[in-house]
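**Q** Below is the structure I would like to discuss, written out as structure tokens.
The numbers here are math on the coordinates, done by the rules we state, and not lab data. If you're wondering where the values come from, they're calculated on a predicted model, not measured in any experiment. Here Cβ is always computed from backbone atoms with ideal geometry, including for glycine, and neighbour counts include all displayed protein chains.
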Amino acid sequence: MDAALTKPRQAAETRNTIYRKGTPVKTFTPKPADLTHDWYIVDATDVVLGRLASQVANLLRGKNKPTYAPHADLGDFVIVINADKIALTGNKMGKELYVHSGRPGGLRRDSYAELLEKNPERIIKAAVKGMLPKNRLAKVQLDRLRVFRGAEHPHAGQQPKTFEIAQISQQAK
């Protein structure tokens, strides 16, 4: 009878345990009370697209927090302003951005030069989406990204903190 009582207790104790090379390693899982979604504002003026996208993806995933866990949703809200002033390096002005709607004949192709004039938000969203993991959590994290063409945004009520990207484009210097 004692063996039957101790077996469920052992299962409960080892629920978050991973074994690496025979030794148990505890998996950290943040509690729902620990989850806070802060607001950050990023100015994209003269910042290279890839550097901006990687920093924004880290904020959306929550990798800047000490309680980061890859399976938990710890990310913050990110507002990107001045999307039309982003720096594109190399030959990106001649390249094209492809998006497929999932329907037959739904392939859409636009050049970066054309998108920079008409819809620069789409360039940044596509770059950040490519740097997020390819799973269900990525859609939730990408929904927290807000991109605006100019310097004005409607999220002043959330009191976003400014996030500085120190390295700007070499062409802008």
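**Q** Against the longest principal axis of the chain, how steep is helix 2-13, in degrees 0 to 90 to the nearest 10, with axes from Cα atoms?
**A** Between the helix axis and the principal axis of the chain, the angle is about 20 degrees.
**Q** Take the Cα atoms of region 48-136, find their three principal axes, and give me the spread along each one in whole Å, biggest first.
**A** Its Cα atoms span 41, 34, 20 Å along the three principal axes.
**Q** For region 61-82 and region 127-148, what is the separation of their C-alpha centers, rounded to whole Å?
**A** 10
**Q** In whole Å and largest first, what semi-axes does the C-alpha gyration tensor of the chain yield when each eigenvalue is scaled by 5 and square-rooted?
**A** 40, 20, 15
**Q** Please give the charge dipole size of region 14-160, origin at the Cα centre, charges +1 on K and R Cβ atoms and -1 on D and E Cβ atoms. Round to the nearest 20 debye.
**A** 900
**Q** Now for a separate question. Label region 123-167 by shape, choosing from rounded, prolate and oblate, from the square roots a ≥ b ≥ c of the eigenvalues of the Cα gyration tensor; if a/c is under 1.5 it is rounded, and otherwise prolate applies when a/b is larger than b/c, oblate when it is not.
**A** Prolate, because a/c is 1.5 or more and a/b exceeds b/c.
**Q** Using the basic label-point model (7 angstrom from Cα toward the beta carbon), what is the LYS161 to SER101 distance in nanometres?
**A** 4.1
**Q** Something else about it: In whole Hz, what ³J(HN,Hα) sequence does region 17-28 give by Karplus (6.51, -1.76, 1.60; θ = phi - 60°), x for Gly and Pro?
**A** Ordered by residue, 3J(HN,Hα) equals 10, 10, 9, 10, 6, x, 9, x, 10, 6, 8, 7 Hz.
**Q** Hey, another quick one. In region 76-173, which GluC sites (Glu not before Pro) fall in coil by DSSP and have 10 or fewer other Cβ atoms within 10 Å? Write down the numbers at each step before the final one.
**A** Details: sites: GLU96, GLU114, GLU117, GLU121, GLU152, GLU164; in loops: GLU152, GLU164.
Those satisfying the criteria are GLU152, GLU164.
**Q** So what's the angle, to the nearest 10 degrees on a 0 to 90 scale, between helix 49-61 and the longest Cα principal axis of the chain?
**A** Long axis of 49-61 versus the principal axis of the chain: about 30 degrees.
**Q** If you don't mind, another one. What list of ³J(HN,Hα) values in whole Hz, one per residue of region 69-80 in order, does the Karplus curve 6.51 cos²θ - 1.76 cosθ + 1.60 (θ = phi - 60°) give from phi, with Gly and Pro shown as x?
**A** 9, x, 9, 9, 8, 10, x, 10, 7, 10, 10, 10
**Q** Label points 7 Å out from Cα along the Cβ direction at LYS139 and GLU117: separation in nm?
**A** Inter-label distance under the simple model: 3.5 nm.
**Q** Against the longest principal axis of the chain, how steep is helix 120-130, in degrees 0 to 90 to the nearest 10, with axes from Cα atoms?
**A** Helix 120-130 and the main axis of the chain meet at about 30 degrees.
**Q** When a/c is below 1.5 the answer is rounded, else prolate if a/b is larger than b/c, else oblate, so apply that to region 86-173 with a ≥ b ≥ c taken from the square roots of the Cα gyration tensor eigenvalues. Display every interim value, and only then the final one.
**A** On the way: a/c = 1.76, a/b = 1.15, b/c = 1.53.
In terms of gyration-tensor shape, oblate.
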